[in-house]
Amino acid sequence: MSEPAIKSMNLYSEVNRVYNDLRSVGINDGDAIPVEVLSQFDQYHYHGTKAVDQAIAEAGINTSSTVLDVGAGIGGPARYLAHKTGCKVVALELQEDLNQVGQDLTNRCGMAEHVQHLCGDALQEVFADDTFDAVVSWLCLYHIPDHKKLFSKLSQPLKSGGVLYAEDLFSLGEFTRSERHELETMLFGNSVHSRENYIANVEQAGFSSVQFDDQTDDWCQFVDIRIKAHVANFESYSQIHSPEMAETIKIFYDSVSGLFNGGNLGGVRVKAVKG
Ligand SMILES: C[S@@+](CC[C@H](N)C(=O)[O-])C[C@H]1O[C@@H](n2cnc3c(N)ncnc32)[C@H](O)[C@@H]1O
């Protein structure tokens, strides 16, 4: 498989970060990993496992649920969902190296029967009708170019009455030219729509009862605290990872904080029901 364009994002250039984190707490390559320990390192979205707890409650995920996690990263949310509820999860991830790390971590957590890793593009992957009780996603959908097609693809394998639950980005106002450049180059933001267009795309794909919960104020605070904490811990981060990685992360966190504080980028939790 050729490298997807999203690899241009510096954030995704270093997939082994999680192994450095694990070694820093005494878990060496190949060791078994308690999922509770891993959960502090493998959630690539805001508010870590708390955000996943919210999804469990909102989407009614339980031991008998089958869930699709779109843009699974290294599988953090998928493993936590399965660990917390006993559900089965298909963790779909575009980037092969992230998918492989996810599979390795899942094996080492002893969770391979509950979390199935699949490398593929959400716009292309085909699942049978009526497969999933819920489709969930954290900070992935804004990467994907065609939201009309995307939400239809996500609706098709959901059971009737099944829930779509996603945390995503949207636009509050017209982006400046430099914000647009930053969005494209730093965030690989291909689909950052207004609230109205977002909801219309979801509804046109056959979803109803669309809830659009604006998280912007909270995420603004989150990203501000995150960059300050990173700067304060720069030395120890450099030791665990590398000075180059610490700098890459600093540039990324700075950029995201600047975009949120610019007032045109928003964050949202979307929930909708099929049918
Ligand atoms: C910010 S990361 C979040 C990862 C994970 N959801 C989490 O919260 O830990 C977004 C992920 O979406 C994946 N992604 C982007 N476009 C995708 C697509 N078309 N199909 C599947 N995954 C995609 C990226 O490769 C990346 O790993």
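The values are calculated or read from the model by the stated rules, or taken from the named source; none is laboratory data. In this text, all values refer to a predicted model and were calculated from it rather than measured experimentally. Neighbour counts run over all protein chains shown; Cβ positions are idealised from the backbone, glycine included. Surface accessibility is based on the protein's heavy atoms, side chains included, excluding ligands, DNA and RNA. Shrake-Rupley method; radii C 1.70, N 1.55, O 1.52, S 1.80 Å.
The residues of the chain expose, per residue, 44 Å² of accessible area to a 1.4 Å probe. Once the chain from Ile225 to Val210 is taken as fully extended at 0.36 nm per residue, the excess over their C-alpha distance is 2.4 nm.
Ranking Ile251, Leu183, Ser65 by how far each Cα lies toward the positive end of the dipole of the chain (charges on Cβ) leaves Ser65 at the top.
With a Cα cut-off of under 23 Å and a minimum spacing of 8 residues unless on different chains, the lysine pairs in segment 81-183 number 5.
Solvent exposure of His181, expressed as accessible area, is near 110 Å², computed with a probe of 1.4 Å over the protein chains only.
Each Lys and Arg contributes +1 and each Asp and Glu -1, all at the Cβ; summed about the Cα centre of segment 5-274, the dipole is approximately 320 debye.
Based on DSSP, what percent of beta bridges with both residues in the chain are antiparallel, to the nearest 5?
Expressed as a percentage, antiparallel bridges in the chain total about 40.
A 1.4 Å probe over all protein chains sorts Cys109, Cys87 by accessible area into Cys109, Cys87, starting with the largest. The residues packed around Phe175, meaning those with a beta-carbon under 14 Å from its beta-carbon, carry a net charge of -2 if Lys and Arg are +1 and Asp and Glu are -1. Shown is the FRET efficiency for Ile251 and Lys159, computed with R0 = 41 Å from the Cβ-Cβ distance and rounded to the nearest 0.05: 0.45.
With a ≥ b ≥ c taken as the square roots of the eigenvalues of the C-alpha gyration tensor of segment 5-274, please select rounded if a/c is under 1.5 and otherwise prolate if a/b is larger than b/c or oblate if it is not? Here segment 5-274 falls in the oblate category. So, with a 1.4 angstrom probe, what is the percent of accessible area on the chain that is carbon and sulfur? Its accessible area is 48 percent carbon and sulfur atoms.
Given their separation in residues at 0.36 nm each and the Cα-Cα distance between them, Glu174 and Asn16 gain 53.2 nm when the chain is fully extended. Charge tally for Gln215 (other residues, Cβ to Cβ under 9 Å; Lys, Arg +1; Asp, Glu -1): -4.
The order of Tyr237, Tyr165 by accessible area, most exposed first and with a 1.4 Å probe, is Tyr237, Tyr165.
By its C-alpha gyration tensor, with a ≥ b ≥ c as the square roots of the eigenvalues, how is segment 11-165 shaped: rounded for a/c under 1.5, else prolate for a/b larger than b/c, else oblate? Since a/c reaches 1.5 and a/b is larger than b/c, the shape of segment 11-165 is classed as prolate. Assign unit charges at the C-beta atoms only (+1 for Lys and Arg, -1 for Asp and Glu), then state the dipole size of segment 152-275 relative to its Cα centre in Debye, rounded to the nearest 20. Dipole size: approximately 520 debye.
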